[in-house]
Amino acid sequence: MPKVSSKRQITLPANQCREVGIEAGDEFRSFVADNHITIVRQQAGSAWGCLDHLQGDDTVSEKQSRQDAIERRRWNVKTNLIAVDTNILLRYLLRDDEAQAEKARRLFESKECILITDVVLTESLWTLSGRKYKATKNDLITVVVQLLQEPNVRFEDDAVIWRSLEAYRRTNADFADALIVHKARETASRDDELEIVYTFDTDALQLPHTSEP
């Protein structure tokens, strides 16, 4: 059984490395959620076209799709940093417009670090799950996992996104609800301990640290 060295190093079993394709020299990010450490191998282009199997409904615009999904809910390395809007991210994921998708791909494969804000990620997931693309929960999980594997992609807080994703996997809560809870907990932990997040959303109440007022 592998043991942690005095320098907090651990040797990964060779058979597990072969199974998931980890090679010597690979870069990875690690995340903590529910007392488990998960390592995610970095691979450029992981999210490129990961949803190109979805066929958009041309009678529904992306703005309508995003609004439809929203209304259904009702209630430390210095580098060049650029941010992308929702439509850039969608073209990269869907690869449904050849010219725009190629421009998006060049952005993601450039030397710049790509910032995907919480708003852009949430808008993208709402758009994908709306009437136009009808993405499933598994599709949305794939999006977040693949983006976390992109070496140039950064979120406002990668660890918060990972914990939100894990909560989304385990419950019926919307990803945005999970993000609200975990972002609130992380923000509060810098100054004070968060006591509770109040909501009337019955699915969101499955998340820890939530309560109905």
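Nothing in this text is a laboratory measurement; each read-out follows from the coordinates by a stated rule. This structure is a prediction, so every number in the text was calculated from the model and none was measured. As a convention, Cβ positions derive from the backbone with ideal geometry for all residues, glycine included, and neighbour counts pool all protein chains shown.
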ask   = Lys/Arg Cβ at +1, Asp/Glu Cβ at -1, dipole of the chain taken about the Cα centre: which of ASN152, TRP162, HIS182 is farthest positive-ward?
value = ASN152
request  = Would you list which lysines come within 16 Å of LYS111, measuring only between C-alpha atoms, while excluding same-chain residues fewer than 8 positions from it?
outcome  = LYS78, LYS103
Selection from ILE88, THR199, CYS17 lying farthest towards where the dipole of the chain points positive, charges on Cβ = CYS17
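In debye, nearest 20: dipole of the stretch 103-206 around its Cα centre with unit charges on the Cβ of K, R (+) and D, E (-)?
Around 740 debye, computed over the stretch 103-206.
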inquiry  = If the only charges are +1 at each Lys and Arg Cβ and -1 at each Asp and Glu Cβ, what is the size of the charge dipole of the stretch 44-156 around the Cα centre, to the nearest 20 debye?
reply    = 260
ask   = Which loop-located trypsin sites (Lys or Arg not before Pro) does the stretch 91-123 contain, where loop means any DSSP state but H, G, I, E or B and the Cβ has at most 12 other Cβ atoms within 10 Å?
value = LYS111
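Mind pulling the per residue volume of the convex hull built on the Cα atoms of the stretch 44-156? Å³ is fine.
Each residue corresponds to 99 Å³ of Cα convex hull volume.
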note = Dividing the helical contributions, -39500 (n - 2.57) per DSSP H run of n ≥ 4, by the residues of the chain yields a 222 nm value, nearest 500 deg cm²/dmol, of -13000 deg cm²/dmol
ask   = Fully extended, how many nm does the chain gain between ASN172 and THR187 (0.36 nm per residue separation, minus their Cα-Cα distance)?
value = 3.0 nm
ask   = Put a dot 7 Å past each Cα toward the Cβ at THR38 and HIS209; how far apart are the dots in nm?
value = 1.7
task = Taking the Cα centre of the chain as origin, work out the dipole magnitude from +1 charges on Lys and Arg Cβ and -1 charges on Asp and Glu Cβ, in debye rounded to 20.
result = 540
inquiry  = I need the GluC sites (Glu not before Pro) found in the stretch 111-198, filtered to DSSP loop residues with at most 11 other beta carbons within 10 Å of theirs.
reply    = GLU193, GLU195
request  = Starting from the Cα of LYS132, draw a straight line to each of the lysines and keep only those under 21 Å, dropping any in the same chain fewer than 8 residues away.
outcome  = LYS63
key: the stretch 2-62: trypsin sites (Lys or Arg not before Pro) in DSSP loop, at most 11 other beta carbons within 10 Å   = LYS3, LYS7, ARG8
